[in-house]
Amino acid sequence: MYESLIKPFLFLFDPEFMHDSFVAIGQVLGAFPGGKQIVRMFCAYENPSLETNVLGIGFKNPIGLAAGFDKDVRLTKIMPSVGFGFMEAGAVTRFPYGGNPGRRLVRLPEDRSIIVYYGLKNIGAAAIEKKISRLLPFKIPVGLNIAKTNHADIKGEKSVEDYVMTYRTLAEHFAYVTLNVSCPNAGDGRLFQDPQMLDSLLTAFAKEEKHGPIFLKISTDLTTQEVDVILGIVQKYSFIDGFVIGNLVKRRDVLHMKSPASRLDLLPQGGISGTPIKELSTNLIRHIYRRTNGKYVLIGLGGVFTAEDAYEKIKAGASLVQIITGLIYGGPTVVKRINQGLVKLLAHDGYEHISEAIGVEANMIEAERN
């Protein structure tokens, strides 16, 4: 019904208007037990084979909502009923930012993709801190994605302080924190993937009190050489527990796009999500898992629409999987379908639990090479 009737109607409207509308509706539904119960009736699904513990955190299932959808921590009450095993809020920055000017979202139906150019739009850490007590306790693990405020005058060491102050303000309230060093739509959002700047950022965080697991969110379109340099730096800092792989891709020359140039040119400066970045993401997960012998916990996203898509990333080395574009194209029951499908895929391969499938493909490739 969603694919044939509801989605075509929704796609007639401006994508940012529809996103804002769904966030508002979700916030209202989450405020009332009846609203949550109705959503749960259609969307919830549980199976013991999907329950997992990662870094001391319990997850009902491995499918989470990626950062970028719930920018201002408004949907923590309703997302458990949608069936997510966890979610990541943000990206949140120290200071509020209204977003990049002009058009910020363009749908690419031919590619099952979206062009995104929000530029880290959010209400800021202080505003979220004021309302956080009304949201606790969370019913599922909620991570916090932290990025640098998208202000031109915040550079260098000021950028490091920007990250740290957001962490100090909010980290204790969330299950884990992701340091987003790869936003392609901020003025210098990818600067902290530069080895010297990344080292400076991690040196500062090494002095902070750790409240829970800490991840780095890196770009999907990094070369293996660039990734290896990042890994060399990260391995000096024991407080980093893993990576979120990856982010929107701005380099369209590395993607195989089906959408016409006229459509792509509606937002030429934006980052690409969805199906076109699926293979890049999975390859990067596999590379990091093999390169580090599974040392780090990997959260994979990019082009996840089906159980097969999620399973592919898990077998490549991801312990958890996130979606956004898949939710927009597949509707609210997509999480249920993915989890049901994962149970069948596990049974087909002779696994009793999701943890048994993590990295099996990467390990197999490594064994064949040896």
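Would you check if Gly317 is at pLDDT 95 or above, touching a strand residue (DSSP E or B) at 6+ places or on another chain (Cβ under 7 Å) and buried (at least 24 other Cβ atoms within 10 Å of the Cβ)? Yes. Within region 215-233, residues that are under 14 Å from Leu301 (Cβ atoms) reach partners that are assigned to a strand (DSSP E or B) and of a type in the set (S, T, N, Q) with beta carbons closer than 6 Å, at six or more positions or on different chains, in the pairs Phe215/Thr178; Lys217/Thr178; Lys217/Asn180. Taken over region 112-150, the criterion of being surrounded by fewer than 17 Cβ atoms within 10 Å (Cβ to Cβ) and not in a helix (DSSP H, G or I) is satisfied by Leu136, Pro137, Lys139.
State whether one or more residues within region 299-306 are in contact (Cβ under 8 Å) with a residue 40 or more places away in the chain and of a type in the set (Ser, Thr, Tyr). No, region 299-306 contains no residue that is in contact (Cβ under 8 Å) with a residue 40 or more places away in the chain and of a type in the set (Ser, Thr, Tyr).
Among the residues of region 138-189, the one identified as among the acidic types (Asp, Glu) and closer than 25 Å to Pro80 by Cβ is Glu172. Do we find that Phe192 is more than 17 Å from Gly68 (Cβ to Cβ), crowded, with 21+ Cβ neighbours inside 10 Å and within 23 Å of the chain's Cα centre (by Cα) in this structure? In short, yes.
In the set Glu352, Glu356, only one residue is surrounded by fewer than 22 Cβ atoms within 10 Å (Cβ to Cβ), in contact with a helix residue (DSSP H, G or I) (Cβ under 9 Å, 6 or more places away or on another chain), farther than 23 Å from Gly143 by Cα and free of Cβ contacts under 8 Å to residues at least 12 places away in the same chain; that residue is Glu356. Any residue that is crowded, with 20+ Cβ neighbours inside 10 Å, within 30 Å of Ser262 (Cβ to Cβ), under 16 Å from the mean Cα position of the chain (by Cα) and in contact (Cβ under 8 Å) with a residue 24 or more places away in the chain - is there at least one of those in region 73-91? Scanning region 73-91 turns up no residue that is crowded, with 20+ Cβ neighbours inside 10 Å, within 30 Å of Ser262 (Cβ to Cβ), under 16 Å from the mean Cα position of the chain (by Cα) and in contact (Cβ under 8 Å) with a residue 24 or more places away in the chain. Only one of the listed residues (Asp221, Asp253) is over 12 Å from Ile288 (Cα atoms) and surrounded by fewer than 16 Cβ atoms within 10 Å (Cβ to Cβ). That residue is Asp253.
The values are calculated or read from the model by the stated rules, or taken from the named source; none is laboratory data. Note that this is a predicted model, so its numbers are computed, not measured. Every residue, glycine among them, receives a Cβ derived from its backbone with ideal geometry; neighbour counts consider all protein chains shown.
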